[in-house]
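The values are calculated or read from the model by the stated rules, or taken from the named source; none is laboratory data. On a predicted model such as this, the values are computed, not experimentally measured, just so you know. Neighbour counts are summed over all protein chains in view; Cβ atoms, including those assigned to glycine, are modelled from backbone coordinates with ideal geometry. SASA here: full protein model, heavy atoms, side chains in, ligands and nucleic acids out. Shrake-Rupley method; radii C 1.70, N 1.55, O 1.52, S 1.80 Å.
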Amino acid sequence: MIKLIQANLDRQSKAVLLLSMLLQEEFSLLMNKDPHGVTGVELVIQELMRQISAERMSMRSFVQKFDPSAQRLGQILPAIEDGQRKEIEKLLSKIDELEQKCGVQATKNHQLAQALLEQSSSMLDFLHREITPKEKNVYSARGRYANPKPQASLINGRL
């Protein structure tokens, strides 16, 4: 059972390391303004997050098989022998460190994506204001010069 827990933690640490690399790749694609590349990397990140979540759920089942009353790995660590416990704690600290790094990088990516969105929105608003005619004396949709003041006409009808 301990070997299964160690293998699971090892897979999680490698997955979080890969997540860190993907977040850095996403940041570079955002900096290069490559929306198609960002979309592809984002889909890979989402699938990786799903796999990490599945690994964590399987870890919970391993912990509960080890001790049915335990909910977390930290609750069963004292029952594990010293050599294996030190390896597990080392893997846990590595995972925690990588998760912190991923959190910082994800925040940077979010801020950059927000800044690019605001920049694009303001540029689009500026262009829209610039192409909108200032005066109403312009051509109509039919290609004729629009008359802002219609000529007087006689209304004819029945009462």
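Data for the structure
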read-out	value
Options ARG72, ARG11: the member that is open to solvent by 50 Å² or more (accessible area, probe 1.4 Å), within 23 Å of GLN100 (Cβ to Cβ) and modelled with pLDDT under 90	ARG72
Inter-residue pairs, beta-carbon under 9 Å, first under 12 Å from ILE5 (Cβ atoms) and in region 65-87, second in a loop (DSSP other than H, G, I, E, B) and among the β-branched types (Val, Ile, Thr), 6+ apart	PHE66/ILE80
Which numbered condition PHE27 fails, given (1) touching a Lys or Arg at 6+ places or on another chain (Cβ under 8 Å); (2) open to solvent by less than 40 Å² (accessible area, probe 1.4 Å)	(2)
From the options LEU98, LEU92, residue that is assigned to a helix (DSSP H, G or I), touching a Gly at 6+ places or on another chain (Cβ under 9 Å) and open to solvent by less than 80 Å² (accessible area, probe 1.4 Å)	LEU92
Helices (runs of 4 or more DSSP H) wholly inside region 1-83 containing at least 2 residues that are under 17 Å from the mean Cα position of the chain (by Cα) and among the acidic types (Asp, Glu)	2-31, 35-66
Test: GLU47 is out of contact with any strand residue (DSSP E or B) (no Cβ under 6 Å at 6 or more places or on another chain), acidic (Asp, Glu) and surrounded by 11 or more Cβ atoms within 10 Å (Cβ to Cβ)	no
Some residue of region 110-123 being under 30 Å from SER13 (Cα atoms) and in contact (Cβ under 8 Å) with a residue 40 or more places away in the chain	yes
